[in-house]
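For reference, the structure is listed below as structure tokens.
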Amino acid sequence: MTATNNTTPRVALVTGTSSGIGEAVVKKFCDLGHQVLAVDYNPAGKDIAEAAGAAFFKADLTDPNACRAAVDEAVKRFGGVDILVNNAGIQHVAPIEEFPEQKWRQIIDLMLTAPFLLSQAAWPSMREGGWGRIINVASVHAQVASPGKSAYISAKHGMIGLTKTAALEGGEQGITANAICPAYVKTPLVDNQIADQAKMHGMEEQEVIEKIMLKNAAVKRLIDPAEVAEMVAYLSSDMAGAVTGSSWNIDLGWTAQ
């Protein structure tokens, strides 16, 4: 994946950028010379984006109008969108019987409907340029399930279907679509899950890491966000033009068994 160092500068829109994977992707893209619009609901993301050399747009992506407005902002600032990275996500852990309907709808809206709407809004710009990259940050939970995460897992499974459909529709227009499926990445989202999982399973937090998060992993550690950003950079590069409709596991060996 060293070919990313020779990538043509592009315009990238990245969501969920105030921490974790999104923050790492923004930094990587800026290092590669891309013009980047970082989109997040958290206003703290503005300082993070600007420190990396990116522009910032505050948006609640559960609102369809905000999804379209984010793409419009990238077009207005930079003239179009070449790369879309759908990364924004939240988590709520509870058994199906106790799962709040409002949380279900919020997670599906943010993690499945928003990627569809953002892809739809960015599509004309990519088609007109004859070049586009859609990278959907899914999860190992797009491949397998775990208890207590019905909404998250449903959204991530749906994201794989969206990725495949976009790949089939975009191929003749120079648009590729791929998904990345990491296992547990060292992010605030995962840190927050540890306490929720500990409560649900009646465990200590360190037990959650060892007995739940890393139980099925061949490599017994959490993933660094920069490792995921490197994969995003490759799939967004000129060299990845033949790669589309795929799901790329960065899962510490979770799905090898």
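The values are calculated or read from the model by the stated rules, or taken from the named source; none is laboratory data. Here the structure is a predicted model, which means the values were calculated and not measured. All Cβ positions, glycine included, derive from the backbone under ideal geometry; neighbour counts span all protein chains shown. Surface accessibility is based on the protein's heavy atoms, side chains included, excluding ligands, DNA and RNA. Shrake-Rupley method; radii C 1.70, N 1.55, O 1.52, S 1.80 Å.
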The one condition in (1) part of a helix (DSSP H, G or I); (2) more than 21 Å from Lys27 (Cβ to Cβ) that Asn249 fails to fulfil: (1)
Answer from Asn65, Asn42 - the residue that is outside any loop (DSSP other than H, G, I, E, B) and surrounded by fewer than 18 Cβ atoms within 10 Å (Cβ to Cβ): Asn65
In segment 75-90, the residues that are part of a loop (DSSP other than H, G, I, E, B) and among the charged types (D, E, K, R): Asp82
Options Ile134, Ile107; residue that is buried (at least 17 other Cβ atoms within 10 Å of the Cβ) and part of a strand (DSSP E or B): Ile134
For Ala121: the one exception among (1) touching a Cys at 6+ places or on another chain (Cβ under 7 Å); (2) among the aliphatic types (A, V, I, L, M); (3) not in a helix (DSSP H, G or I): (3)
From the options Ser139, Ser150, residue that is under 14 Å from the mean Cα position of the chain (by Cα) and not aliphatic (A, V, I, L, M): Ser139
Out of Asp72, Asp60, sole residue that is open to solvent by 20 Å² or more (accessible area, probe 1.4 Å) and out of contact with any helix residue (DSSP H, G or I) (no Cβ under 7 Å at 6 or more places or on another chain): Asp72
Members of segment 189-215 that are under 24 Å from the mean Cα position of the chain (by Cα) and open to solvent by 60 Å² or more (accessible area, probe 1.4 Å): Asp191, Asn192, Asp196, Lys215
Qualifying residue in segment 172-180 (condition: part of a helix (DSSP H, G or I) and modelled with pLDDT of 85 or more): yes
Of the criteria (1) surrounded by 19 or more Cβ atoms within 10 Å (Cβ to Cβ); (2) touching a Ser or Thr at 6+ places or on another chain (Cβ under 9 Å); (3) under 30 Å from Gln193 (Cβ atoms), which one Asp82 fails: (3)
Exclusive hit being open to solvent by less than 30 Å² (accessible area, probe 1.4 Å), more than 29 Å from Leu214 (Cβ to Cβ) and assigned by the TED database to the domain that holds Ala233, set Thr176, Thr113, Thr165: Thr176
Some residue of segment 187-202 being in contact with a Gly (Cβ under 9 Å, 6 or more places away or on another chain) and assigned to a loop (DSSP other than H, G, I, E, B): yes
Hey, Val93 surrounded by fewer than 24 Cβ atoms within 10 Å (Cβ to Cβ) and part of a loop (DSSP other than H, G, I, E, B) or not: yes
Residue within segment 237-249 that is under 21 Å from the mean Cα position of the chain (by Cα), closer than 17 Å to Gln193 by Cβ and open to solvent by less than 60 Å² (accessible area, probe 1.4 Å) present: no
